[in-house]
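The structure appears right after this line, and notes come after that.
The numbers here are math on the coordinates, done by the rules we state, and not lab data. Computed from a predicted model, the values in this text were never measured in an experiment. Cβ sites come from the backbone with ideal geometry, for glycine too, and all protein chains shown count toward neighbours.
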């Protein structure tokens, strides 16, 4: 489990093809400082397992085909910078919200509106995910815990988040252009509630 509080921006330095998967080598000195094989690290919001811890603050991890198809990790050649977070421990503050690292799908940035102190980013998302998103609720975008500041529908359902300067400088979200895709994980509590209410 994660909290959506990014610890550092890392970089994918190598991608190797495997049968129905890829192996990524990622530089992240903060998250590897106490990492061991088998540990979980969220990479742009995707929970991945450490295969090897290497010198110079690097680690390797395997990403299966289904994860590549469902997330933006398929695009690491074009966008090698990634948000990194270690799994939460029981003695850590839950500064964001409960993030499983199970990406539900991808959204597309449709607009960015800067202001003096923050930037409003509008993200279109698939209709099957829109029902789980509520105004003032929590959502993870590329592994970053954010509050939904607006909702609507034009040609497609969308939500808005307001990014403060800290989020813009300490995560990869400042570098996602209009038209770019982002990983989206909706609040798991909403999915549990829907499941409970649908049972006879």
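Taking only the C-alpha atoms of segment 159-200, Rg followed by Dmax gives 15.7, 48 Å. Sorting 17, 75 from the fewest to the most surrounding beta carbons within 10 angstrom yields 17, 75. Once the Cα-Cα distance is subtracted from the 0.36 nm per residue extended length, the residue 198 to residue 89 segment shows a gain of 35.9 nm. When the Cα atoms of segment 48-93 are aligned to their principal axes, the ranges along those axes come out at 34, 26, 18 Å in descending order. Compactness ratio for segment 47-200: Cα radius of gyration over 2.2 N^0.38 Å (N = residue count) comes to 1.09. For segment 18-97 versus segment 107-180, the inter-centroid distance based on Cα atoms is 22 Å. Taking 0.36 nm per residue of separation and subtracting the Cα-Cα distance, full extension of the segment from residue 164 to residue 21 would add 47.9 nm. The Cα atoms of segment 1-54 cover 32, 20, 20 Å along the three principal axes, with the biggest extent listed first.
Our Cα-only numbers for segment 8-86 put the radius of gyration and Dmax at 11.2, 30 Å. Compactness check for segment 109-200: Cα Rg over 2.2 N^0.38 Å is 1.13. Per residue, the chain reaches -3500 deg cm²/dmol at 222 nm when only DSSP H runs of four or more residues are counted, each adding -39500 (n - 2.57).
Distance between the pseudo-spin-label points of residue 64 and residue 174 (7 Å out from Cα toward the beta carbon): 3.7 nm. With N the number of residues in segment 38-136, Rg(Cα) / (2.2 N^0.38 Å) evaluates to 1.26.
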